[in-house]
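The values are calculated or read from the model by the stated rules, or taken from the named source; none is laboratory data. No experiment lies behind these values; they were computed from the predicted model shown. Cβ: placed from backbone, ideal geometry, glycine included. Neighbour counts: every protein chain shown.
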Amino acid sequence: MLRELISNEWFTILIMLGLVLITLSKFLFAKRFEDFIQVIGNSKYLKIYEREQKFIDGFDALLFGNLVISVSIFAYISYSWIAQPLEFDLTSFSKLLFGIAALFLIKILLERLIGSLFEIDRIIDSYIFQKTSYKNFIGFILLPINILLIYTLTPSKIIIFVIFGLLFLLNLIGFITSFKNHQKLVLNNLFYFILYLCALEIGPYLILYKLFT
């Protein structure tokens, strides 16, 4: 069981909310959800639904809600076991939840702004859709992982770092897929691509790491 200093009651409510969001996405978008859960190692989902994407997409919005909840819970648990035990505080957790959501959304808006400035909207929209799909899949995977960490497994640093490794691998697969789909464009603009990586891909994670430590 999770350390007693962390209240399971609020985590239960949040996990139920995540389950509701996933259930709604499956109920309202049954065929798309079926394709989505096979997104790793199968480009069918990306090829089909990239053409149908909207600025505000109901399916992605539901899964994004679960992503923010799942990442926040995992971050809270990880900090409690790696750094110091935490007593659950709803205000602090709400700030963490808001901060993670804001980071994701601001990053997407900046990428869209860059796409408009350099008149590469179509490419940026394709890239954002692919990244969003993989991140939402990570949120989907994190939900059962959080359930295990809270109610079944006894978390440890080794378990936490193994999960971090899994999440990094999923992110890497998504990044490689996006790179392969835009390989020619990237190689022709390698300098700008490196600047983009430093500013919008590596930078936010360094900020998160700094906040975490």
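Evaluation of ILE120 against the conditions (1) at pLDDT 90 or above; (2) surrounded by 12 or more Cβ atoms within 10 Å (Cβ to Cβ) shows that the sole unmet condition is (1). With respect to the conditions (1) within 19 Å of LEU143 (Cβ to Cβ); (2) surrounded by fewer than 20 Cβ atoms within 10 Å (Cβ to Cβ); (3) in contact with a Lys or Arg (Cβ under 8 Å, 6 or more places away or on another chain), LEU28 lacks only one, and its number is (3). Condition first: at pLDDT below 85 and in contact with a Phe, Trp or Tyr (Cβ under 6 Å, 6 or more places away or on another chain). Can you find one or more residues in the stretch 125-139 that meet it? No, there is no match, as no residue in the stretch 125-139 is at pLDDT below 85 and in contact with a Phe, Trp or Tyr (Cβ under 6 Å, 6 or more places away or on another chain). The condition (being without any contact (Cβ under 8 Å) to a residue 12 or more places away in the chain, under 30 Å from GLN183 (Cα atoms) and under 21 Å from the mean Cα position of the chain (by Cα)) is satisfied by just one residue among LEU117, LEU148, LEU105: LEU105. Selection within the stretch 1-19: residues that are within 18 Å of SER92 (Cα to Cα), among the aliphatic types (A, V, I, L, M) and modelled with pLDDT of 80 or more. The member of this set that is surrounded by the fewest Cβ atoms within 10 Å (Cβ to Cβ) is ILE13.
To keep it simple, each residue is scored yes or no on (1) under 24 Å from PHE168 (Cβ atoms); (2) assigned to a loop (DSSP other than H, G, I, E, B); (3) aliphatic (A, V, I, L, M); (4) touching an Asp or Glu at 6+ places or on another chain (Cβ under 6 Å).
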position: GLU9; (1), (2), (3), (4): no, no, no, no
position: ASP35; (1), (2), (3), (4): no, no, no, no
position: LYS54; (1), (2), (3), (4): no, yes, no, no
position: LEU86; (1), (2), (3), (4): yes, yes, yes, no
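Of the listed requirements (1) exposed (fewer than 15 other Cβ atoms within 10 Å of the Cβ); (2) in a loop (DSSP other than H, G, I, E, B); (3) not polar (S, T, N, Q), ALA61 misses just one: (2). Looking across the stretch 149-207 at every residue that is of a type in the set (Gly, Ala, Ser) and surrounded by 11 or more Cβ atoms within 10 Å (Cβ to Cβ), the one that is modelled with the highest pLDDT is identified as SER156.
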